[in-house]
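See below for the structure under consideration.
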Amino acid sequence: MSKRPSFTRYLVEQQRVDGRIPPQLRLLLEVVGRACKRISFAVNKGELGDVMGSAGSENVQGEVQKKLDIIANEVLIEANEWGGHLAAMASEEMEGIYVVPNRYPQGEYLLMFDPLDGSSNIDVNVSIGTIFSVLKKPEGHPGVHDEDFFQRGAEQVAAGYCIYGPQTTLVLTVGDGVAMFTLDREQGSFVLVRENIRIPEDTKEFAINMSNMRHWDAPIKRYVDECLAGEDGPRGKNFNMRWIASMVADVHRILMRGGIFMYPWDQREPNKPGKLRLLYEANPMSWLIEQAGGAATNGKQRILDIKPTQLHERVSVILGSKNEVDRVTSYHSGI
Ligand code: P6P
């Protein structure tokens with residue numbers, strides 16, 4: 001493989017190598033890559049493109065939709081509906097599933113996405129991103145139903161994100177490690193910059209929204225208090241804290257240098273297991289983290305083992321450097 005193959009060439013060569021990427025999945029991933037490129041160009045226009053600010057509507061989550069949330073969602077739908085590789089899509093921005101119209105050939109894959117994660121950062125020029133997850137449509141029945149999406153994260157066949165920051169970088173796993181591709185705007189394509197990413201098992205950097213401290217459950221409070229106690233405390237070392245309020249940016253940092261990210265259950269909305277969505281945020285990010293040697297749990301079990309029961313189901317998320325995630329998880333079982 002040439003030193004820095006394009007995303008397309010990388011996928012073709014991976015397809016040839018071990019068949020892990022069947023032709024239809026390769027086509028799907030190429031289309032997702034092109035859609036992310038288009039979203040990147042829209043994001044990068046900022047004020048110049050009349051894409052900033054609120055769209056004056058709310059999504060199914062009750063969150064204010066930004067203009068770019070809607071643009072990104074439309075780009076992903078339009079790019080993927082006609083190619084013949086998909087049966088249906090699900091998005092954070094849409095209440096129900098989007099079944100590929102009969103006028104197009106029906107494919108064997110299901111695509112889920114958060115079209116623009118971290119969109120509260122758009123108007124202040126802080127990194128945001130697109131998160132995507134791919135499942136195979138269960139066989140044996142005609143049509144597509146919500147329940148077809150309710151597969152454990154361990155069943156994903158591809159997962160990744162595209163971060164729109166100082167660089168536009170697409171990060172992907174198909175189950176054989178994690179690879180990163182940066183958009184070369186002169187060439188107009190994503191180019192391989194890193195593969196076989198590994199996360200250090202230990203870290204001195206934690207990411208959590210500290211303003212919610214008074215609402216946390218005891219195990220999270222214990223873990224963060226011990227980090228804050230520093231070298232004089234039970235951990236015997238000082239910690240640093242980061243919180244970008246953009247999961248894609250926080251996860252990207254962890255893939256690049258280690259760390260632990262937590263968005264746990266808290267008592268502000270006790271009936272919700274957490275803020276982040278299982279199908280198109282936690283599952284793809286958890287698979288990427290595990291493929292890079294990290295761990296991801298909800299405090300009690302491996303996130304990828306959770307059986308979904310709702311399209312927009314939420315989950316508590318603790319992911320990153322394995323030894324830190326194991327420690328937080330052990331505190332939840334009273335160790
Ligand atoms: P908070 C963005 O809205 C998001 O879904 C994630 O990207 C991010 O990690 C989290 O919410 C930030 O939440 O409560 O700190 O604004």
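None of the figures in this text is laboratory data; all of them are computed from the coordinates on show. Note that the structure is predicted; figures quoted are calculated from it, not measured. All Cβ positions, glycine included, derive from the backbone under ideal geometry; neighbour counts span all protein chains shown.
Before moving on, here are some points about what is shown:
- Cα coordinate range in segment 173-224, projected on the principal axes (Å, largest first): 50, 24, 21
- Whether segment 62-111 is rounded, prolate or oblate, judged on the alpha carbon gyration tensor where a/c under 1.5 counts as rounded: prolate
- Extension gain from residue 198 to residue 18, taking 0.36 nm per residue of separation minus the Cα-Cα distance: 62.6 nm
- By the count of other C-beta atoms within 10 Å, a proxy for reagent exposure, 331, 109, 104, 223 are ordered fewest to most as 104, 331, 109, 223.
- Above 11 Å, the calculated P(r) of segment 201-241 contains 64 percent of its Cα-Cα pairs.
- For segment 3-46, a/c is not less than 1.5, where a ≥ b ≥ c are the root eigenvalues of the C-alpha gyration tensor, and a/b does not top b/c. That puts it in the oblate class.
- Signed unit charges on C-beta, dipole axis of the chain, positive-most listed residue 43, 286, 234: 234
- Kirkwood radius for segment 205-332, taken over all pairs of different Cα atoms as the inverse mean of 1/r, rounds to 14.6 Å.
- Placing +1 on each Lys and Arg Cβ and -1 on each Asp and Glu Cβ, with no other charges, gives the chain a dipole about its Cα centre of roughly 740 debye.
- Of the trypsin sites (Lys or Arg not before Pro) in segment 99-179, the ones in a loop by DSSP (not H, G, I, E or B) with at most 11 other beta carbons within 10 Å are 103.
- log₁₀ of I(q)/I(0) at q = 0.10, 0.13 Å⁻¹ - segment 145-292, Debye sum with one point per alpha carbon: -0.43, -0.70
- Aspartates and glutamates whose Cα lies under 16 Å from that of residue 300, excluding same-chain neighbours fewer than 8 positions away: 217, 266, 324, 326
- Taking chymotrypsin sites (Phe, Trp or Tyr not before Pro) across segment 1-82, the ones in a DSSP loop with at most 15 further Cβ atoms lying within 10 angstrom of their Cβ are 82.
- Counting Lys and Arg as +1 and Asp and Glu as -1 over every other residue whose Cβ lies under 12 Å from the Cβ of residue 175, the net charge comes to -3.
- When peptides 318-327, 163-172, 265-274, 204-213 are sorted by average Cβ neighbour count within 10 Å, with the highest value leading, the order is 318-327, 163-172, 204-213, 265-274.
- Cα-based Lys proximity count in segment 7-194, under 20 Å, for pairs eight or more positions apart or on separate chains: 5
- Here the residues 227, 162, 36, ranked from fewest to most Cβ neighbours within 10 Å of their Cβ, fall in the order 227, 162, 36.
- Enclosing the Cα atoms of segment 7-194 in their convex hull gives a volume equal to 126 cubic angstrom per residue.
- For the chain, the Cys residues with no second cysteine's beta carbon closer than 4.7 Å are 227.
- Convex hull (Cα only) mean projected area of segment 1-118, reported in nm² to one decimal: 8.9 nm²
- Each 5 Å bin from 0 upward holds the following percent of the Cα-Cα pairs of segment 232-304: 3, 13, 23, 23, 19, 11, 6, 1, 0.
- Two-decimal log10 I(q)/I(0) for the chain, as the Debye equation yields it once each C-alpha is a single scatterer, q = 0.08, 0.13, 0.15 Å⁻¹: -0.36, -0.97, -1.29
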